[in-house]
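Encoded as structure tokens, the structure appears first; notes follow it.
The values are calculated or read from the model by the stated rules, or taken from the named source; none is laboratory data. Nothing here was measured: the structure is a model prediction, and the numbers come from that model. Neighbour counts are summed over all protein chains in view; Cβ atoms, including those assigned to glycine, are modelled from backbone coordinates with ideal geometry.
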Amino acid sequence: MKWVPHPKQAMALKCPAFELFFGGARGGGKTDWLLAEFVKYLDYGVDHAGVIFRRSYPELEEVIRRAKVMYAGMANWAEGRKTFTFASGATIKMRFVENFNDTLNYQGHAYSFMGFDELTNWPSDDVYLTLFACARSAKGVPVKIRATGNPGTVGHPWVQARFIDVCDPYTIFYDAESQETRCFIPSTLDDNPALLGNDPGYERRLKMVGGKRYNAWRFGDWTRVEGAALDAFDPNVHVVPPYPIDPNWKRVIGFDWGFSTPFSMGWYAIKPNGTLVRYKEFYGSYGKKNEGLKWPAQKVAEEAAERNAGDPSHLMFADPSCWQTRGTGSEGGESVIQWFQFYHKGPRLACRKANNDRKQGYLAFYNLLSSRNEDGSGRFEVFSTNKHFIRTIGKLVYDPNDPEDIDTRMEDHPYDECRYVIMALRYLRKYVGARKPRQKADYDVLRA
């Protein structure tokens, strides 16, 4: 078969990055591109060994079917070994790996080319990153890892974090930790003129899936996850450009403690009409997926006090674990809250144990996102500068064992501290318009 790449495929074939994620929508010619990537280095002969992975064998069958068409006259297929062998001696295997345990079958393997078709079907990066140990060549063959996928499926959050969020499309990102490069090149149905011409009805059939899934599969929309627990979050409604916070608006802090996982601190204001505004954040992460800074509570409290000094809030709703004196990463046996009160500048910081009823908190959060003011604006706003909140909130999914709660294995820390504030709104709205901290008697109402 004579295969001619369309322009976006040709662009991806020239990309020099070590890792490349190509696609983002259905019908963009992703699998054809993945198969074509391997043949670029056939001249290395038997030293060029490749493998393409799918998560299950039924998924793999479609890749094999397409490979038989594209490699016709170039390679021989061995059904028993699930391997194509080219005239030069180069080989590419077709394999499926469902979970981490399956990766143990590849210990000691070496591949100069590794392809992952529909990478977003893997729920986490465990399989993908573990198999990196197989990406090597003792003979000097260029080593490449290539992947395809669509948004809106179970692996959406981690693939987005690895390829979409780190830099702009078509831009090669340098990972200082691994000292390797990676890139994202988007491709949609519009980039595949062959499919549009040969099957003009495909777009109409794709539209029948409807809703967020259609936007993900047709246009490569990474902003929402199908089945998201907070699908009421709409960036077009809730994310707003920063604006001055009126000094008369009541302000409050939400805090979720984290040591090995990120801590999250959000500053909130309540408008006179009751709208809750998240206008500033302090997030404890170096950028690695759900990994914390491992700062002691003393350092977190000191840094938080600096951020609060010029924009003082005097009331904080915090994770109840912050009152514990052990196992918090603090020094000297003090609780996290004691450090916050020690470093707080200005009037005493009134800290209250947050209502940590997860199910009621989820309902309150969802209802607030669904609410609108008379002018159609949201009853919840978040400044566009709150990148960690915006990055994580729309990708949270339900707990597989409890559909009335968020899956706590995800990066849910901004959600948690925001939930603490939302659960306190029935108290806070009594004080809307307060210019300065209330008297001690007022805080007694709020204190646990």
Could you please let me know if T275 is polar (S, T, N, Q), touching a residue at least 24 places away in the same chain (Cβ under 8 Å) and closer than 27 Å to R409 by Cα? no
Residues of the range 159-188 satisfying the condition of being surrounded by 15 or more Cβ atoms within 10 Å (Cβ to Cβ) and assigned to a strand (DSSP E or B): F173, E180, T181, R182, C183, F184, I185, P186, S187
Criterion: in a loop (DSSP other than H, G, I, E, B) and buried (at least 18 other Cβ atoms within 10 Å of the Cβ) - qualifying residue of N290, N308: N290
Can you pull out every residue in the range 160-189 that is within 24 Å of N121 (Cβ to Cβ) and in contact with a Cys (Cβ under 6 Å, 6 or more places away or on another chain)? F173, C183
Residue count for the range 355-386, restricted to those that are farther than 20 Å from D399 by Cα, of a type in the set (D, E) and surrounded by fewer than 15 Cβ atoms within 10 Å (Cβ to Cβ): 2
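Matching residues to (1) free of Cβ contacts under 8 Å to residues at least 12 places away in the same chain; (2) buried (at least 22 other Cβ atoms within 10 Å of the Cβ); (3) in contact with a helix residue (DSSP H, G or I) (Cβ under 6 Å, 6 or more places away or on another chain); (4) closer than 22 Å to V397 by Cβ:
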| residue | (1), (2), (3), (4) |
| --- | --- |
| A72 | no, no, no, no |
| R95 | no, no, no, no |
| F100 | no, no, yes, yes |
| Y106 | no, no, yes, no |
| T120 | no, yes, yes, yes |
| F132 | no, no, no, no |
| V143 | no, no, no, no |
| T153 | no, no, yes, yes |
Give just the number: which of (1) part of a helix (DSSP H, G or I); (2) surrounded by fewer than 17 Cβ atoms within 10 Å (Cβ to Cβ) does P242 not satisfy? (1)
Which of the residues belonging to the range 82-116 are more than 23 Å from G149 (Cβ to Cβ), part of a strand (DSSP E or B) and either not assigned by TED's automatic domain parsing to the domain that holds L129 or not hydrophobic (A, V, I, L, M, F, W, C) (or both)? T83, T85, T91
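Every residue in the range 3-12 that is surrounded by 17 or more Cβ atoms within 10 Å (Cβ to Cβ) and not in a loop (DSSP other than H, G, I, E, B), please.
K8, Q9, A12
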Residue match in the range 145-155 (condition: modelled with pLDDT of 75 or more, among the basic types (K, R) and touching a Leu at 6+ places or on another chain (Cβ under 9 Å)): yes
